[in-house]
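A short worksheet on the structure shown next.
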Amino acid sequence: MDEKVKNTITNFIENNEVCLFMKGTPDAPQCGFSMAVSNMLKILEINFKGINVLEDQSLREGIKSFSDWPTIPQLYVKKEFIGGCDIVKEMYENGELKKVLDDKGINYKK
């Protein structure tokens, strides 16, 4: 991954408390997994930045290298990689996601 892509990813993560690298946008997801994570964040009324990796192939491949995670979507909260769809879904269902949000001081609908 080149420095430009790495810097772009780093800037998104550092400048947004909750950052979702996804296929499509929060209002128009382009895959079911991206839609699922986006919807969980919307249900919790979390203010998050959705980054459409389909707009830039180097970003799409770069985020996989950056996080050492092979799939998209990828959720970051306060600069920490949380996981992909399956992990976020499990954390949402068992209450662990709310604990992470509380620990990191992120506002959401309780």
When Tyr76, Tyr108 are ranked with the fewest other C-beta atoms within 10 Å first, the list becomes Tyr108, Tyr76
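I need to check one value: relative contact order of segment 21-110, counting alpha carbon pairs closer than 8 Å and at least 6 residues apart, in percent.
Numbers: 103 pairs, mean separation 27.4, N = 90.
So the answer I get is 30 percent.
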Between Lys109 and Arg60, the two model label points (7 Å from Cα along the beta-carbon direction) sit apart by a distance in nm of 3.2 nm
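Quick one: plug the Kirkwood hydrodynamic radius of the chain (C-alpha pairs) into Stokes-Einstein at 20 °C, 1.002 mPa s, and report D in µm²/s.
Values: Rh = 13.8 Å.
It diffuses with D of about 155 µm²/s by this estimate.
For the chain, what is the calculated [θ] at 222 nm in deg cm²/dmol (nearest 500), taking -39500 (n - 2.57) for each run of four or more DSSP H residues and dividing by its residue count?
On the way: 5 runs with 54 residues, N = 110.
My calculation for the chain gives -15000 deg cm²/dmol from helical runs alone.
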Among Gly62, Gly84, Gly50, determine the one that fluctuates most according to a GNM of the chain built with springs between C-alpha atoms less than 10 Å apart.
-> Gly62
If you place +1 on the Cβ of every Lys and Arg, -1 on the Cβ of every Asp and Glu, and leave all else neutral, what size is the dipole of the chain about its Cα centre, to the nearest 20 Debye?
-> 240 debye
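Using the count of nearby Cβ atoms within 10 Å as a rough guide to exposure, how do Met91, Met1 rank from fewest to most?
Lowest count first: Met1, Met91.
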Placed amide H near Lys49: partners under 5 Å, 5+ positions off or other chain = Val18, Cys19, Leu20
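A short reminder: the numbers here are calculations on the coordinates, not readings from a lab. Not measured: the values here are computed from a predicted model. Neighbour counts run over all protein chains shown; Cβ positions are idealised from the backbone, glycine included.
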